[in-house]
Amino acid sequence: MHIFCIIEEHERTKQTMCKFPGIRKEVISVKKCLLVLLSLSFTFCIAIVSYASDSQKEGTHDFKLQQASKALQITGTVKSINEDAGSLAVTKKFKDKIIEVIALTDKETKIVKGNVPHSFHDIKAGDSVVVVYTKKVAVNLAKSISLR
């Protein structure tokens, strides 16, 4: 059985009537229906936004972990070397500021000049270097040091 709804607006009552085959029902005005639908859709949008913000708060911890493993690079001159700790301080002038990065080396740090491998003892203060490092907790761990 097919149900067809024909919407008519009566001149006297200014209400919308819906005719079903054999049954007449009075329907709430179109303006009230639209108001209810808009309020429901607004409530739905607010619920979705709050759900999205909650899931982003949970996901921020993973984002910080991804940021921590990102390799960074500084090209500058060696300011000082601490052979006992296996660290070096590299400075670079950027606009009006001087940036200083202290990087620690370990067994896996590759030190090269051109294509020739070198040791940590070959680095002197004042040398021009390119240091590729990662931030782990509060320490900058050098992955590679290229002498120029």
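Values quoted throughout were computed directly from the atomic coordinates according to the rules given, and no laboratory measurement underlies them. Remember, it's a predicted structure, so these values are computed and weren't measured experimentally. Cβ coordinates were reconstructed from backbone atoms using ideal geometry, including for glycine residues, and neighbour counts include every protein chain displayed.
So the values come out like this:
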{"item": "Simple spin-label estimate for Ile46 and Val30 in nanometres, 7 Å along Cα-Cβ", "result": "2.8"}
{"item": "Surrounding net charge for Lys124, when Lys and Arg each add one and Asp and Glu each subtract one, Cβ distance under 13 Å", "result": "0"}
{"item": "Per-peptide average of other Cβ atoms within 10 Å, ordering 88-100, 36-48 highest first", "result": "88-100, 36-48"}
{"item": "Nearest-0.05 FRET efficiency for Leu38 and Val116, computed from C-beta distance (R0 41 Å)", "result": "0.05"}
{"item": "Segment 113-148 versus segment 87-103: alpha-carbon centroid distance in Å", "result": "13"}
{"item": "Flagged links, alpha-carbon separation over 19 Å, of Lys95/Lys143; Lys107/Lys143; Lys107/Lys135; Lys70/Lys135", "result": "Lys95/Lys143"}
{"item": "Dipole in debye (nearest 20) - segment 71-147, about Cα centre, beta carbon charges: Lys, Arg +1; Asp, Glu -1", "result": "320"}
